[in-house]
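Okay, structure first, notes after.
Just so it is clear, none of the values below were taken in a lab; they were calculated from the coordinates. Keep in mind that this is a model prediction, so the values were computed, not measured. Cβ coordinates were reconstructed from backbone atoms using ideal geometry, including for glycine residues, and neighbour counts include every protein chain displayed.
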Amino acid sequence: MIGRTALLAVLAGALVPALAPAQAQVDPTSPTQCLRFGEALALGARLAPEVQTAEARLAEGEAELAQARALFRPQLSTFVRTGIGDSGLTDSQIENQIGLRGTQRIFDFGDSRFARQAARATVAARQFDIAAAEAAAAETVGQSYLGWLETRDRLQATRQREAYFGRQLASTESLLGQGGATVADRADIDAEYLEAQSARTELEFLLERFGTRLAISTKRTNDPCAADDVSQTLSQMLQASANEGIVAATLATSPQIASLRSSADSLLAAAYREARSRFPVISVTGISSYAVDDFDTRGALRNRAGIDVSIPLYSGKAQTARIDA
C-alpha cells in the first residue's frame, strides 16, 4: 500500500512542471474557479517556507563545493609589503614592494580531494532535504484539502440533521398543546436539536481552519474542487506510465534517510581531511614585484619562482579542536 506521505510527494513532484502553463491562465481571486487537488499539492510544495530554506541551504552547499574545487586551481593575489631587515653585518635596510603572487598547489596529501568529497556529499544531502521538505509540505496541504472536503460533507449532513430536528421540535410543540406528545418527548427532541447545533458550530470552525491552512499554504482563497477531482487526479497520476519511475523511487528511498546518509558521508570525508591537516601542502609559487630600497633611487623589477612547503606547527589549539570534533 502506498503511504499518504509518499503518494502526496509523488503528486507534488510530478505536477509542479505540468501546472506551470495552466497557472498563468488561472485567476486566483476568481470565486468561480475552484482549487484543484493537484494544483494545491504543487503550490504547497513550491511555496512552503521550509522548501525555500532548504533551497537556500543548497545554494550554500554549492558555494562550499565551488570553494573546495578551487583549492587545486591557480591562485592569484596582489600584495604590498614594507619591511626592514639586515642587509649586512652592521646596518639594516627598508624595502618596499608591490607585486603579484601566483600559486598552484601540486600535492596536499588528499586535503583538497577530501574537501571536494565532503562538499559533494553536503550538496547531495541538501538536495534530499529539499525533496523531504516538498514531501512534508505536500502532505500538509493534502491533509488540509482532504480534511476540508470531509468536513464540508459532514457539515452538510449535520445541517440537514439540525433542520430535521428543528422541524420535529416545532411539530412536538404543536402536539404538546393538543396532548399528542409528552414533555419527555419534547425534551428528547430538544436535546437532539441542541446536539446538532453544537456539532454544526464545531464543524463550521473546523472547516474555516482547514480553509485558512490551505490559503496560507497555496496563497489561494478559492475553495477546493469536488471530491471527484481528487479521485480523478489520483487515478491519472498513479496510472500514468511516465510517473512509474517517480513512484518506485519514492517508495524505495526516503528523502530523510538519503539525506542522513549523505550527511554521514560528508562528515566522514571532513574527518579524514582534518586528520591530514598537519600534513604539508606543497605548492609552486611565482612572484613578480617592483621593489624600492631607497626612495632617492629608482626601484627595480624582481621575479622569483620556487616551491613552497607549508606545515602547520601551532594554531592556538584550533587544529586539535577540529580534529577532535
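Need one word for segment 179-221: rounded, prolate or oblate. Basis is the Cα gyration tensor (sqrt eigenvalues a ≥ b ≥ c); a/c below 1.5 gives rounded, then a/b vs b/c decides. Because a/c hits 1.5 or more and a/b exceeds b/c, segment 179-221 counts as prolate.
Taking a virtual spin label 7 Å from the Cα of Thr78 along the C-beta vector, which residues in segment 100-130 bring their backbone nitrogen under 16 Å of it? Output list for this probe position: 100-102.
In terms of the ratio Rg/(2.2 N^0.38 Å) built on C-alpha atoms, what value belongs to segment 136-225? It would help to have the intermediate numbers written out before the result.
Details: Rg = 18.6 Å, N = 90, 2.2 N^0.38 = 12.2 Å.
Against the compact-globule rule of thumb, the ratio is 1.53.
Kindly rank 37-46, 119-128, 170-179, 301-310 from highest to lowest mean number of other beta carbons found within 10 Å of each residue. Can you show the working numbers first?
Numbers: 37-46: 26.1, 119-128: 21.5, 170-179: 12.1, 301-310: 10.2.
In descending order of packing, they fall as 37-46, 119-128, 170-179, 301-310.
Order the peptides 192-203, 141-152 from the highest to the lowest mean number of other Cβ atoms within 10 Å of their residues. If you can, show how the numbers build up before the last one.
On the way: 192-203: 15.8, 141-152: 20.4.
The packing order, highest mean first, is 141-152, 192-203.
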